[in-house]
1. Of the residues A16, A5, only one is within 22 Å of E212 (Cα to Cα) and modelled with pLDDT under 95; which?
2. Would you check which residues across the stretch 165-190 are more than 19 Å from M219 (Cα to Cα) and either in contact with an Asp or Glu (Cβ under 6 Å, 6 or more places away or on another chain) or among the aliphatic types (A, V, I, L, M) (or both) and list them?
3. Do any strands (runs of 3 or more DSSP E) entirely within the stretch 21-127 hold 1 or more residues that are in contact with an Asp or Glu (Cβ under 8 Å, 6 or more places away or on another chain) and of a type in the set (A, V, I, L, M), and if so, which?
4. Just to be sure before I move on: is V144 in contact with a Cys (Cβ under 7 Å, 6 or more places away or on another chain) and among the β-branched types (V, I, T) in the structure I sent?
5. Considering only the stretch 91-100, I want to know if a residue exists there that is surrounded by fewer than 21 Cβ atoms within 10 Å (Cβ to Cβ) and without any contact (Cβ under 8 Å) to a residue 24 or more places away in the chain.
6. Looking at this structure, is V175 of a type in the set (A, V, I, L, M, F, W, C) and assigned to a strand (DSSP E or B)?
7. So which of R116, R151, R143 ends up being more than 17 Å from W222 (Cβ to Cβ), modelled with pLDDT under 95, within 17 Å of the chain's Cα centre (by Cα) and charged (D, E, K, R)?
8. Taking the conditions exactly as written (more than 15 Å from L218 (Cβ to Cβ), in contact (Cβ under 8 Å) with a residue 24 or more places away in the chain and in contact with a strand residue (DSSP E or B) (Cβ under 9 Å, 6 or more places away or on another chain)), does E104 satisfy them or not?
Amino acid sequence: MNLAASTHPAPVFSPAPEWAVAEGRLGYPEAIAQMEAHIAAMRAGTARERVWLVEHEPLYTGGTSATEAGLIDARFPAHRSGRGGQWTYHGPGQRTGYVMLDLERAHGRIPARDIRAYVHGLEDWLIGALDLLGVRGERREGRVGIWVQDRARGGEAKIAAIGVRVTRWVSWHGVALNVDPELSHFAGIIPCGIAEHGVTSLHHQGVIATMEDADAALMAAWPKVFG
């Protein structure tokens, strides 16, 4: 994470963020450029906070902790990212949620200027959305992301990833929920640096949800955490 205290007064935003859903599949550089432009507008007081729901073309991104050893097979474009964490995959069938909030103020039960509480809130948000979809998501000590008991293969598997960046107390990057991605695409990396557990999706857990279903669950679960 890139943390630096803001040197300017925090703009006043609407109590609730705007929600936006990108049309089609978006390239990663374009997503970064749009996020950077939006958070600049937020700082200038000309844009609201935003939760932006995106579906990407297949790609890998490496966070600030990513090592070369974690990229096993660069079969898709690989991008270095300023978010926290290690390698992750984005692609069709996965809903990525880019969360742009002014963390200099509280959001629901998330206090101001508390990065740990913010990440914990993102976890609660995903767990709440999964619950609405009929899946029990859980945290695991020492592991990033949200985990489920894998009905298809046994053991545990990750169903959602989290990787955030905070710049001058404005958050960006966010979460990724596996609705029905091609799970073999994750084999090109060690997902989030964890090799001993697998990756799963809603469909592999027997929940035949659409992206619209996932979006509806994410939107419904949001106010229970972030107000």
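1. Result: A16 is the single residue among A16, A5 that is within 22 Å of E212 (Cα to Cα) and modelled with pLDDT under 95.
2. V166, W169, V170, L183, A187, G188, I189, I190
3. Result: 50-56, 94-100.
4. Against the criterion (in contact with a Cys (Cβ under 7 Å, 6 or more places away or on another chain) and among the β-branched types (V, I, T)), V144 qualifies.
5. No, the stretch 91-100 has no match at all.
6. yes
7. R143
8. In short, yes.
The values are calculated or read from the model by the stated rules, or taken from the named source; none is laboratory data. For clarity, every value in this text was computed on a predicted model and none was experimentally measured. Quick reminder, even Gly has a Cβ in these numbers, built from the backbone with ideal geometry, and neighbours come from all protein chains shown.
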